[in-house]
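The values are calculated or read from the model by the stated rules, or taken from the named source; none is laboratory data. The structure presented is a predicted model; accordingly, all values stated were derived computationally and were not measured. Cβ coordinates were reconstructed from backbone atoms using ideal geometry, including for glycine residues, and neighbour counts include every protein chain displayed.
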């Protein structure tokens, strides 16, 4: 059964679209804003997120960027704004698809099935197959399942901040990332972060990777510039 999360502040739309999707044997969770979405994704498997662009508080575009930095779930943006600029912005921020309101529910169902089918068959997703399963220095990082396994096969737990940080690193191996860049790449809605919090997250992630070295390990400190992830390195 496909688990679909619909995030929209329009109660009538949530009721009508949610009911229609359930008629197609989908499990549907409806939310009025994005505050609970990230927490839901932390604890449950979700196959696709339907995300309204214009949400109260944190708008859908910022939320989409936060989702893409932390989760591999496909995102279909829903918007009354059908102009090319809005479409391009949504897709550039990581949305997998963009559909303009009002829409034909049958088209939405078809797009949901297409996105989920591509993920399950490994032919495409918010993160491609290579990025879903990252291997470095004997470690295995499954971004879809949010699992990290050591070279000995032991599962290592990661906090949400550590998961976002490792995701940012494995996406950009061999590149020096400043603290400001890491702040932007790992930012989550409603959470204040600072340079100090990045340093703490890096320190904790190093400990979990058994990576004590500052200059020759997996996560290297580049003095005056930031951090560099060397996937060929090792503890």
Selection count, the stretch 131-156, where residues are over 24 Å from residue 47 (Cβ atoms), surrounded by fewer than 19 Cβ atoms within 10 Å (Cβ to Cβ) and touching a strand residue (DSSP E or B) at 6+ places or on another chain (Cβ under 8 Å): 4
Residues located in the stretch 102-113, provided they are out of contact with any helix residue (DSSP H, G or I) (no Cβ under 6 Å at 6 or more places or on another chain) and surrounded by 15 or more Cβ atoms within 10 Å (Cβ to Cβ): 108, 109, 111, 112
Pairs with Cβ under 8 Å, 6+ apart, first in the stretch 169-191 and at positive phi, second modelled with pLDDT of 85 or more: 174/228; 174/229; 174/230
Selection within the stretch 14-53 - crowded, with 16+ Cβ neighbours inside 10 Å, in contact with a strand residue (DSSP E or B) (Cβ under 9 Å, 6 or more places away or on another chain) and in contact (Cβ under 8 Å) with a residue 40 or more places away in the chain: 17, 21, 26, 34, 46, 47, 48, 49, 50, 51, 52
Subset of the stretch 150-162 that is at pLDDT below 85 and part of a helix (DSSP H, G or I) - its residue that is nearest to residue 229 (Cα to Cα): 161
Checklist (1) farther than 18 Å from residue 115 by Cβ; (2) not in a helix (DSSP H, G or I) applied to residue 5, failing item: (1)
Flag for residue 145 being part of a loop (DSSP other than H, G, I, E, B) and either assigned by TED's automatic domain parsing to the domain that holds residue 70 or at pLDDT below 85 (or both): yes
